[in-house]
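Colleague: Take a look at this one; I'll ask things after.
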Amino acid sequence: MGHTKAAVLVVVLAVAVLGLATDGQAQLQNGFYTGKCRGNDVEAVVRGIVKARFSQDNAIVAHLLRLLFHECGVNGCDGGLLIDGPGTEKTANPNLSVKGYDLIATIKMELEKRCPGVVSCSDIEILATRDAVNASTGQGYAVRTGRRDRRRSIATDVKLPGPDFTVPQAAAFFRTLGLSSDDMVVLLGAHTVGVTHCGMIKKSRLYSYGGKAGATDPSMDPELASTYKTYVCPNTASSDNNIVFLDDRASASKLDNSFYKMLQRRRGALMVDQNLYTDGSTRWMVDRLANTDHFRWLFPQALAKLGEVNVLTGTQGEVRRVCSRFN
């Protein structure tokens, strides 16, 4: 009898520990930092710093959205992307053009002055992105906090969707994060404030589509292709770093549904974006987002979901003192 009880207890403990390890989401909560920062309102501190930065530089919205996706898309939202040094996530090719680290560091420094060792870098990333979206759209949304920072940051872990991914390839990646293909279509709407460079589209879309010399992607509006080839991305190496807006230039600094209207008109710059409209399985969702104002509330929901991918909570990981290095 004693043995059986002991065995049951071991199983119960094992399940409890497993629950802690696998379901960090359950331990996240609204207002996690309330009363934990010497009378300071942590979320108000973050919001103030982000708003001040946004008023000087509204590109910070695009920078933080990209930083968050590159963060949460690799081992979850754990602060791994923030670590400096050789062979870290930051040094992986897709992350070389990520920006916004300085703002996260500024927020961390301010919070460390007010309550040392309390607020994790991964929570700061989530809160700062939320506040940048809010500054841009006027749309606030709740995010749960209580994340901890992982003691891991390895360049070879970085496997993010490529600019030429098909819908099945991209959807398979999002599935690994526990996100649906609808979430994917909504989250790629972050490209409404994004830019890329000619080097990302010249080969695959403008000059050797399908590996054929001189071929242009037929899914691209011919007038747009001609503009790119003539003015923005001529077929010379010197144009590789020229900027290409992922949304209509007039709307490029606004978080709105204009990106989806561009896809309907075959004017998506990246193949992975245009494929959302070319592929019948996601076209209906693009139409829904283009033809209604649903993006306004679906985007914050999808961001909150992305922000809870594979998080550490409780006593897992650590709360870094400086975001760019482990304690």
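The values are calculated or read from the model by the stated rules, or taken from the named source; none is laboratory data. Every value quoted in this text rests on a predicted model; they were computed, and no experiment measured them. When we count neighbours, we look across all protein chains shown, and the Cβ atoms used for this are built from the backbone with ideal geometry, even at glycine. Heavy atoms of the whole protein, side chains included, go into the accessibility calculation; ligands, DNA and RNA do not. Shrake-Rupley method; radii C 1.70, N 1.55, O 1.52, S 1.80 Å.
Colleague: Pairs under 6 Å by beta carbon, first residue in the same structural domain as LEU68 (by the TED database) and basic (Lys, Arg) in region 97-109, partner open to solvent by 10 Å² or more (accessible area, probe 1.4 Å) and in a helix (DSSP H, G or I), six or more apart or different chains?
Modeller: Cβ pairs passing all conditions: LYS99/HIS63.
Colleague: Of everything in region 58-113, what is touching a Leu at 6+ places or on another chain (Cβ under 6 Å) and either at positive phi or of a type in the set (S, T, N, Q) (or both)? Give them in sequence order.
Modeller: Matches in region 58-113: GLY100 only.
Colleague: Something else about it: Hey, among TRP297, TRP284, which residue is of a type in the set (Phe, Trp, Tyr), surrounded by fewer than 18 Cβ atoms within 10 Å (Cβ to Cβ) and either within 22 Å of the chain's Cα centre (by Cα) or on the phi > 0 side of the Ramachandran plot (or both)? Spell out how you get there, then give the answer.
Modeller: On the way: TRP284 fails: either within 22 Å of the chain's Cα centre (by Cα) or on the phi > 0 side of the Ramachandran plot (or both).
Criteria check complete, one pass: TRP297.
Colleague: Part of a helix (DSSP H, G or I), of a type in the set (A, V, I, L, M, F, W, C) and either modelled with pLDDT of 95 or more or open to solvent by 10 Å² or more (accessible area, probe 1.4 Å) (or both): is that true of LEU303 in this structure? Walk me through how you get there before you give the answer.
Modeller: Details: part of a helix (DSSP H, G or I): yes; of a type in the set (A, V, I, L, M, F, W, C): yes; either modelled with pLDDT of 95 or more or open to solvent by 10 Å² or more (accessible area, probe 1.4 Å) (or both): yes.
Against the criterion (part of a helix (DSSP H, G or I), of a type in the set (A, V, I, L, M, F, W, C) and either modelled with pLDDT of 95 or more or open to solvent by 10 Å² or more (accessible area, probe 1.4 Å) (or both)), LEU303 qualifies.
Colleague: Related question: Hey, GLY24 hits all of (1) surrounded by fewer than 14 Cβ atoms within 10 Å (Cβ to Cβ); (2) in contact with a Lys or Arg (Cβ under 9 Å, 6 or more places away or on another chain) but one; which does it fall short on?
Modeller: Here GLY24 meets the rest and fails (1).
Colleague: Taking region 188-214 as the search range and keeping residues that are touching a Lys or Arg at 6+ places or on another chain (Cβ under 8 Å) and farther than 15 Å from ASP240 by Cβ, which one is modelled with the lowest pLDDT?
Modeller: For region 188-214, the residue satisfying everything is GLY194.
Colleague: Right, here's the next one. Go over the candidates ARG114, ARG130, ARG151 one by one and state the one that is touching a Phe, Trp or Tyr at 6+ places or on another chain (Cβ under 7 Å), in contact (Cβ under 8 Å) with a residue 12 or more places away in the chain and surrounded by fewer than 19 Cβ atoms within 10 Å (Cβ to Cβ). So that I can check it myself, show each step before the final result.
Modeller: Details: ARG114 fails: touching a Phe, Trp or Tyr at 6+ places or on another chain (Cβ under 7 Å); ARG130 fails: surrounded by fewer than 19 Cβ atoms within 10 Å (Cβ to Cβ).
Result of the check over ARG114, ARG130, ARG151: ARG151.
Colleague: Further question on the same structure: Are any residues in region 265-294 more than 17 Å from ALA171 (Cβ to Cβ) and touching an Asp or Glu at 6+ places or on another chain (Cβ under 7 Å), and if so, which ones?
Modeller: Result: ARG265, ARG266, ARG267.
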